[in-house]
Amino acid sequence: MPDDHSSAPRDLSPRARGEVDIDVGRSASTLDGSFDGSAERPWHSWERIPAEVTVVLEHHGCVPRDPFVAGATAPRTRRRGGEVFQRAGAWAVDRSRLVLIEAIRGLEPLDGNRFRPSTPWRLGVGSHPFVGEVSERSGMVPVDVVTGTAAGPDDPADDADGPEIIELLPGPVRRQLLTSVPEPEVVEEYLYQGSRRDVPQLHEAGLLRVGGDTMIALHAVRSIKVPRRMTAAEAEMALAAAPWHVQTLTARLGAAEHSEWTSFEQDRAIGANEPPRLTGGDPGRRALT
């Protein structure tokens, strides 16, 4: 991302001749949702993939050295007959391929609703190379929603579960995403808020849409300068009104290569579904809920 955020706003999705206009409606605002600390939990971001999984993925060349955008899918506990297992996932896009990772491990009960791992992670990895021309676009895009006002009856803020991440992006960006892949078979996304001393300063969004043999990936960042006496509430308002620096990558996918591996054993001393934590990371980063 360039250091200079002051470049002129640019529409990322100029309409091609004959293209059907998609009514994307009004954007939602990050003020319509809330952020929690889940981004630092295992599997809740690409950087928080458990170490015993990362080392296997790196060994087999499934970790991009310079990812365009990458994310992970928070683990969910499932029951199938008498078996209890946990399912998680991850995804990464670089300039040559899309990598999709599914991870499953068995669980055994401790007490109540607590479990501990009974098997290593079983990894299913699909590597989808790009074929033909890869299109990249970038630019500064202003928000198109008035923040800090009451929502109308048809506004995205009416959703009791909070806005979808795609709804938070400016209209021209949503139009490009929906036009490029109107009926996705795979959708992945994240939105993180970075803070310093509990004052929000940065938003980072990632999104992936795959339909048929077409993929579009997005990475977007916006930030503000925080004066010494700015409150957290004032920073949230300023950040919600800040323009996004948006990068998109659109590509056609070739035939996928599928592989299956098993992670290393996890230390049994770590109980209650707590995989080993990676070092580093931003302790002030929170995920949209």
Being over 25 Å from residue 137 (Cα atoms), surrounded by fewer than 19 Cβ atoms within 10 Å (Cβ to Cβ), at pLDDT below 95 and among the hydrophobic types (A, V, I, L, M, F, W, C) narrows 39, 51 down to just 51
Any hit, the stretch 235-242, residues being out of contact with any Gly (no Cβ under 8 Å at 6 or more places or on another chain), open to solvent by less than 30 Å² (accessible area, probe 1.4 Å), more than 17 Å from residue 31 (Cβ to Cβ) and touching a residue at least 60 places away in the same chain (Cβ under 8 Å): no
Which condition does residue 58 not pass, out of (1) outside any loop (DSSP other than H, G, I, E, B); (2) surrounded by fewer than 20 Cβ atoms within 10 Å (Cβ to Cβ); (3) touching an Asp or Glu at 6+ places or on another chain (Cβ under 6 Å), if it passes all the others? (3)
So, of the residues in the stretch 169-199 that are of a type in the set (D, E, K, R) and open to solvent by 30 Å² or more (accessible area, probe 1.4 Å), which turns out to be nearest to residue 100 (Cα to Cα)? 188
Picking from 168, 178, which residue would you name as being of a type in the set (A, V, I, L, M, F, W, C) and out of contact with any strand residue (DSSP E or B) (no Cβ under 8 Å at 6 or more places or on another chain)? 178
Could you list, in sequence order, the residues of the stretch 47-69 that are farther than 20 Å from residue 285 by Cβ and in contact (Cβ under 8 Å) with a residue 60 or more places away in the chain? 52, 53, 55, 56, 57, 60, 62
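The values are calculated or read from the model by the stated rules, or taken from the named source; none is laboratory data. Values in this document were obtained by computation on a predicted structure and should not be read as measured data. Every residue, glycine among them, receives a Cβ derived from its backbone with ideal geometry; neighbour counts consider all protein chains shown. With ligands, DNA and RNA removed, areas are computed over all heavy atoms of the protein, side chains included. Shrake-Rupley method; radii C 1.70, N 1.55, O 1.52, S 1.80 Å.
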